[in-house]
Amino acid sequence: MRIQVLGVGFDNYTMEQAVAEGVRLMGTEGAHYAVTPNPEIVETCREDPEAAEAVNGADLVLPDGIGIIYGAKLLGTPLKGRVTGIAFAQALMEQMARGNRKLFLLGAKPGVAEQAAENLRREHPGLRIAGTHDGYFQEDGPVVEEIRNSGADVVFVCLGAPKQEKWMRRNGEATGAHLLVGLGGCLDVFSGQVKRAPVVFQKLGLEWFHRLITHPTRIGRMMKLPVFLVHVLEEKGKQP
Ligand code: UDP
């Protein structure tokens, strides 16, 4: 049973359990997809039913933000812990390298996915990258075809939320891959274009704060965080 946080159901897994489930899905017939919502995405789902359907329709829903962990706790249904998209992706790539699985990188500005592929091949010896494509295309068809022809088992879909969730729901099956994972800005990080927050910020769950001070233009988007907390408190107020 998933743990509900304001209309989004989260799988209650540790990182190890989440990776084991990811590995199982990538070896299972048919297409599956994983999402890693943070409070901003939960708020988006409250306003956009198609986004909510795409997020809740995923085979794996992992809590990316520390805000989700606080929210679930406040609502009296705590989650085991945070499973960030980026750490999940790294652990999955380790398993892919061992299992000889092929990965396709989709998203970000032209050139970024190629650079990420080069870095990831170095960081995960044995990892097979089936292909890459930037995230600024007009039609899904040719991109889906390219993924299909690449024979990829897994696709990292990095188009930003909720575009990537809707994209995976719409096109997952046609790509021929067994697992698609929505990972937002991860390719920017893997390519080295964007640095991850220093470890101390990561450990304290303050990556969002580091992002804010290094990219102040994100303040508009981040205002969804306090709104999320207010909604959690309202929800708590309704509980008996
Ligand atoms: N992006 C894309 N196609 C689009 C819009 C965005 O490929 O049409 C990419 C963008 O270049 C960036 C990522 O999607 O690499 C979104 O990054 P952001 O940090 O905004 O995502 P978050 O992780 O916060 O969801």
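The values are calculated or read from the model by the stated rules, or taken from the named source; none is laboratory data. Since we're looking at a predicted model, the values are computed, not measured. For neighbour counting, all protein chains shown are included, and Cβ atoms are generated from backbone atoms with ideal geometry for every residue, glycine included.
With respect to PHE228, determine if the residue is out of contact with any Pro (no Cβ under 8 Å at 6 or more places or on another chain), touching a residue at least 12 places away in the same chain (Cβ under 8 Å), of a type in the set (A, V, I, L, M, F, W, C) and within 16 Å of the ligand (Cβ to nearest atom). In short, no. Failed condition for PHE209, given (1) under 22 Å from VAL83 (Cβ atoms); (2) buried (at least 19 other Cβ atoms within 10 Å of the Cβ), with all others met? It is condition (2) that PHE209 fails. When you check ASP48 against the structure, is it touching a Pro at 6+ places or on another chain (Cβ under 7 Å) and farther than 24 Å from GLU207 by Cα, yes or no? The answer is yes for ASP48.
If you go through region 110-120 one residue at a time, do you hit one that is part of a loop (DSSP other than H, G, I, E, B) and surrounded by fewer than 21 Cβ atoms within 10 Å (Cβ to Cβ)?
Restricting attention to region 110-120, the residues satisfying the condition of being part of a loop (DSSP other than H, G, I, E, B) are 110-111.
If we keep only those that are surrounded by fewer than 21 Cβ atoms within 10 Å (Cβ to Cβ) as well, we get 110-111.
Within region 110-120 (the criterion being part of a loop (DSSP other than H, G, I, E, B) and surrounded by fewer than 21 Cβ atoms within 10 Å (Cβ to Cβ)), the answer is yes, since at least one residue qualifies.
Total residues in region 135-149 satisfying the condition of being surrounded by 19 or more Cβ atoms within 10 Å (Cβ to Cβ) and of a type outside the set (Val, Ile, Thr): the figure is 1. Evaluation of VAL157 against the conditions (1) outside any strand (DSSP E or B); (2) within 17 Å of the chain's Cα centre (by Cα); (3) surrounded by 21 or more Cβ atoms within 10 Å (Cβ to Cβ); (4) not polar (S, T, N, Q) shows that the sole unmet condition is (1). Listed by first and then second residue, the pairs with beta-carbon distance under 6 Å, at least 6 apart or on different chains, first residue in region 160-186 and surrounded by fewer than 22 Cβ atoms within 10 Å (Cβ to Cβ), second among the basic types (Lys, Arg), are GLY176/ARG148. Take the residues of region 180-196 that are aliphatic (A, V, I, L, M) and under 15 Å from GLN90 (Cβ atoms): which is nearest to the ligand (Cβ to nearest atom)? Checked region 180-196; the qualifying residue nearest to the ligand (Cβ to nearest atom) is LEU187.
Scanning region 212-240 for residues that are closer than 24 Å to GLY81 by Cα and among the polar types (S, T, N, Q) yields a count of 1. Only a single item in (1) within 17 Å of PRO39 (Cβ to Cβ); (2) at pLDDT 95 or above; (3) of a type outside the set (D, E, K, R); (4) within 11 Å of the ligand (Cβ to nearest atom) is not met by TRP167, and it is number (1).
Of everything in region 50-80, what is part of a helix (DSSP H, G or I) and at pLDDT below 95? Give them in sequence order.
Of the residues in region 50-80, the ones part of a helix (DSSP H, G or I) are 50-56, 66-74.
Answer for region 50-80, where residues must be part of a helix (DSSP H, G or I) and at pLDDT below 95: ILE66, GLY67.
State whether the residues of region 21-29 include one that is touching a helix residue (DSSP H, G or I) at 6+ places or on another chain (Cβ under 6 Å), assigned to a helix (DSSP H, G or I) and in contact (Cβ under 8 Å) with a residue 24 or more places away in the chain. Scanning region 21-29 turns up at least one residue that is touching a helix residue (DSSP H, G or I) at 6+ places or on another chain (Cβ under 6 Å), assigned to a helix (DSSP H, G or I) and in contact (Cβ under 8 Å) with a residue 24 or more places away in the chain.
Taking the conditions (1) within 16 Å of the ligand (Cβ to nearest atom); (2) surrounded by 15 or more Cβ atoms within 10 Å (Cβ to Cβ); (3) basic (Lys, Arg) in turn, LYS102 satisfies each one other than (1). Among all positions in region 57-77, there is at least one residue which is free of Cβ contacts under 8 Å to residues at least 60 places away in the same chain and more than 22 Å from GLY185 (Cα to Cα). When residues of region 138-154 are filtered for being in a loop (DSSP other than H, G, I, E, B) and either in contact with a strand residue (DSSP E or B) (Cβ under 9 Å, 6 or more places away or on another chain) or of a type in the set (Asp, Glu) (or both), how many remain? Number satisfying all stated conditions: 4. Residues of region 160-202 that are part of a loop (DSSP other than H, G, I, E, B) and closer than 24 Å to ASP59 by Cα: GLY160, ALA161, PRO162, GLY176, ALA177, HIS178, LEU183, GLY184, GLY185.
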